[in-house]
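The values are calculated or read from the model by the stated rules, or taken from the named source; none is laboratory data. Because the structure is predicted, anything quoted here is derived from the model rather than measured. Cβ sites come from the backbone with ideal geometry, for glycine too, and all protein chains shown count toward neighbours. Surface areas here come from the heavy atoms of the whole protein model, side chains and all, with no ligands, DNA or RNA. Shrake-Rupley method; radii C 1.70, N 1.55, O 1.52, S 1.80 Å.
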Amino acid sequence: MRSLLMGVDSGTQPTKALVANAKTGEALGASTAVYRLIPSLPSGAKEQHPWDWIIAKRKGIQAAMKAGKARAGEVFSFGVSGQRHRFGPLDKSGGVIRPAKIWYNICTLDECEEITSILGCAKQTIAAVGNTVLPGFIATRSLWPKKHEPKNFARLATVVLPHDYLIFWLKDVHLMEYGDASGKTPFDVRQRRRSRAMLEATDASLPVKLPSIFGISA
């Protein structure tokens, strides 16, 4: 029996899957499954249905496996990656609360200004977390439903990126790595830990709603 590797990347509009031979590195099968943005949204709003990511993942894996003439029992390692800064809000049962705001959604500009103002200024914000506050970061997207969709915010239990969501569907765990954590803003990139100042500027309940950072508690 062959030893195979499977990789899945959840991009802005397609999900790509690849099957490779673990010993030789040879690519045996690849596929692309496309999904779209939700149409007719207000100016600056760019959203997708998280369930579309799962459907694309399934289609992509099946097509790549078929192209590589691979069997499930041959795959011994599975890796996922994806675009950052998509805000996937889940409730306590793991259900999707609302469509996800993707990275170039800019309807949270007001929240960027509000958080930066609370922290003092852009310079003080950088001192607190090593980043400025941008519309794509999770801090602003967490504050947005708190202000505009309080009923949805009250249901919010977990915030996931697309590949976090794929891991959740595959393994029923919520995890992220340091690079993704740095793009969520409540993370201090210098100290490699959650930033208390940023959390207080957004919402004190946010730490328990963010996936663990490879074994580090929120």
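If you check every pair at least six apart or on different chains, which have Cβ atoms under 8 Å apart with a residue in segment 36-49 that is on the phi < 0 side of the Ramachandran plot first and a residue that is among the basic types (K, R) and surrounded by fewer than 16 Cβ atoms within 10 Å (Cβ to Cβ) second?
Q48/R36
Among residues belonging to segment 115-172 that are among the basic types (K, R) and surrounded by fewer than 21 Cβ atoms within 10 Å (Cβ to Cβ), point out the one that is nearest to D203 (Cα to Cα).
Of everything passing the filter in segment 115-172, K146 is nearest to D203 (Cα to Cα).
List the pairs whose first member sits in segment 14-31 and is farther than 19 Å from M1 by Cα, whose second member is open to solvent by less than 30 Å² (accessible area, probe 1.4 Å) and among the β-branched types (V, I, T), and whose Cβ atoms are under 7 Å apart, counting only residues at least 6 apart or on separate chains?
Going by the 7 Å Cβ cut-off, the qualifying pairs are T15/V8; A17/V8.
Condition first: closer than 30 Å to K101 by Cα and charged (D, E, K, R). Now tell me which residues in segment 18-77 satisfy that.
Passing the criteria: R36, K46, E47, D52, K57, R58, K59.
Within segment 26-67, track down each residue that is over 24 Å from L170 (Cα atoms) and either in contact with a helix residue (DSSP H, G or I) (Cβ under 7 Å, 6 or more places away or on another chain) or of a type outside the set (A, V, I, L, M) (or both).
Correct list: E26, P39, S40, P42, S43, G44, K46.
Where the second residue is assigned to a helix (DSSP H, G or I) and the first is of a type in the set (K, R) and lies in segment 143-154, which pairs have Cβ atoms under 6 Å and are six or more apart or on separate chains?
Note: pairs meeting the criteria are K146/F153.
T32: touching a strand residue (DSSP E or B) at 6+ places or on another chain (Cβ under 6 Å) and polar (S, T, N, Q), yes or no?
yes
Among the residues of segment 94-109, which ones are part of a loop (DSSP other than H, G, I, E, B) and open to solvent by less than 30 Å² (accessible area, probe 1.4 Å)?
Residues satisfying the conditions are G94, G95, I97, I102, N105, T108.
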